[in-house]
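The values are calculated or read from the model by the stated rules, or taken from the named source; none is laboratory data. Keep in mind that what you see is a predicted model, and the values were worked out from it rather than measured. Cβ: placed from backbone, ideal geometry, glycine included. Neighbour counts: every protein chain shown. The accessibility values were calculated without ligands, DNA or RNA, using every heavy atom of the protein model including side chains. Shrake-Rupley method; radii C 1.70, N 1.55, O 1.52, S 1.80 Å.
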Amino acid sequence: RVNLQLASVLVAEGRPADAIPVLRAPLHGPIEASNYYLTGTDLHAALGDAFDRAGEPDSALAHYRYVLAAWHHADPEFRPRIDAIERRVRLLDQQIGRTAAAGARTH
């Protein structure tokens, strides 16, 4: 959980790109490490947010979609988080679609 808390501080300070490697590290550690105290899904949710705030929508979407797949049959207590991520995914998909369409018109 230390990594998640440190990443939260970095994001709050406006340094989401610095939070990304902090959040990636526990995903590569053994189960005996931070994975006892923090789920991989929580890390992916935080990574999605960090990439999103860092202006990297493709990476954000990859992590957000991982979370949505993992929480597909989640308990109702996760519904507010799921709904928020689903809204963000729709917005990012729209933004990426507009950017791609604009790029196609300029070439």
- Task: Please identify the pairs in which a residue from the range 64-92 that is among the β-branched types (Val, Ile, Thr) has its Cβ atom under 8 Å from the Cβ atom of a residue that is open to solvent by 50 Å² or more (accessible area, probe 1.4 Å), counting only partners at least 6 apart or on another chain.
- Result: Val89/Arg65
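Say whether the condition of being in contact with a His (Cβ under 6 Å, 6 or more places away or on another chain) and either over 21 Å from Leu10 (Cα atoms) or not aliphatic (A, V, I, L, M) (or both) is met by at least one residue in the range 43-52.
So far as the range 43-52 goes, yes, one or more of its residues are in contact with a His (Cβ under 6 Å, 6 or more places away or on another chain) and either over 21 Å from Leu10 (Cα atoms) or not aliphatic (A, V, I, L, M) (or both).
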